[in-house]
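Computed from the coordinates by the stated procedures, all read-outs in this text should not be read as laboratory data. These numbers were taken from a predicted model, which means no experiment stands behind them. Here the Cβ is made from the backbone with ideal geometry for all residues, glycine too, and neighbour counts use every protein chain on show.
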Amino acid sequence: MTKSEPALFTVSVFQDFAGAERGVDALKRQGFTADRMTVAAKASPEAASFIERVLGAAPEPVDLPVVGASMARGTLTATLNGPGGDLPRIGMAAAMRRAGFQSHDGLIFELLVGKGGVLVAIEDAPRAADALSVMLSYGGGNAAIGAWAGRL
């Protein structure tokens, strides 16, 4: 019996939707597909429109401690929500440990999204470093790879 590896995510927070759009477009030009992306932001009509436009599907609402009313879509969302669906209770900072990030990374992501940043994540283990490079090149802040998956 083989043990499956946990998903490996690369995450960054862009300052605004214009920056996130440039980053997402660059990721797509590098071959990263929308079905492996996640976008999360504070709830707003602009956030809903952006997520639907770049991911091709409507976002899911989620009320997060610290961040407040938010919306998200993508593979990272299921990982953060966990088997019990407790993301709204524990918040983004604590839930990021499920995706292999240390708690201080989760706290930074949570605070930046709470201040209006747009979180973009890619699930692609073989190309994690490529995704990180693109995110950093296009203004993604605090970009990191969840390399601690299965170790925390």
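Can you tell me the FRET efficiency between K28 and S133 if r is taken as the Cβ-Cβ distance and R0 is 22 Å, rounded to the nearest 0.05?
Values: r = 15 Å, r/R0 = 0.67.
Approximately 0.90, to the nearest 0.05.
Please compute the contact order of segment 9-145 in relative form: average sequence separation of alpha-carbon pairs under 8 Å and at least six residues apart, divided by the residue count, as a percent. Don't skip to the end; give the middle numbers.
Numbers: 278 pairs, mean separation 56.2, N = 137.
This gives 41 percent for segment 9-145.
Using a 7 Å offset from the Cα along the Cα-to-Cβ direction at both K115 and R89, what is the distance between the two label points in nm, to one decimal?
Result for the modelled spin labels: 3.1 nm.
In a solvent-free Debye calculation with one equal scatterer on each Cα, what is log10 I(q)/I(0) for the chain at q = 0.12 Å⁻¹, listed in the order of the q values?
Log10 of I(q)/I(0), two decimals: -0.42.
Given H placed 1.01 Å from N in the peptide plane, which residues other than close sequence neighbours of D124 have an amide H under 5 Å from its amide H?
When sequence neighbours closer than 5 places are left aside, the close amide H contacts are L8, T10.
Taking a label point 7 Å from the Cα of E46 along the Cα→Cβ vector, which residues of segment 108-152 have an amide N closer than 12 Å to it?
Only 116-118 fall inside the zone, counting backbone N under 12 Å.
Give the distance, in whole Å, between the Cα centre of segment 30-81 and the Cα centre of segment 105-152.
Rounded to whole Å, the Cα centres lie 14 Å apart.
Suppose R0 equals 22 Å; then what is the FRET efficiency for A69 and H104 from their Cβ-Cβ distance, rounded to the nearest 0.05? Can you show the working numbers first?
On the way: r = 25 Å, r/R0 = 1.12.
FRET efficiency, A69 to H104: 0.35.
Find, to one decimal place in angstroms, the Kirkwood hydrodynamic radius of segment 106-152, where the mean of 1/r is taken over every pair of different Cα atoms and then inverted.
On the way: mean 1/r = 0.0857 Å⁻¹.
When all Cα pairs of segment 106-152 are included, the Kirkwood radius is 11.7 Å.
Name the most mobile residue of G19, G140, G84, meaning the one with the largest mean-square fluctuation, in a Gaussian network model of the chain with Cα contacts below 10 Å.
The residue that fluctuates most here is G84.
Across segment 62-67, in residue order, what do the Karplus-derived ³J(HN,Hα) couplings come to in whole Hz, using 6.51 cos²θ - 1.76 cosθ + 1.60 with θ = phi - 60° and x for Gly and Pro?
8, 9, 10, x, 6, 6
Please report the net charge: other residues with Cβ closer than 12 Å to the Cβ of H104, K and R +1, D and E -1. Provide the component values of the computation, followed by the final result.
Details: positive: R97; negative: D105, E110.
For residues surrounding H104, the net value is -1.
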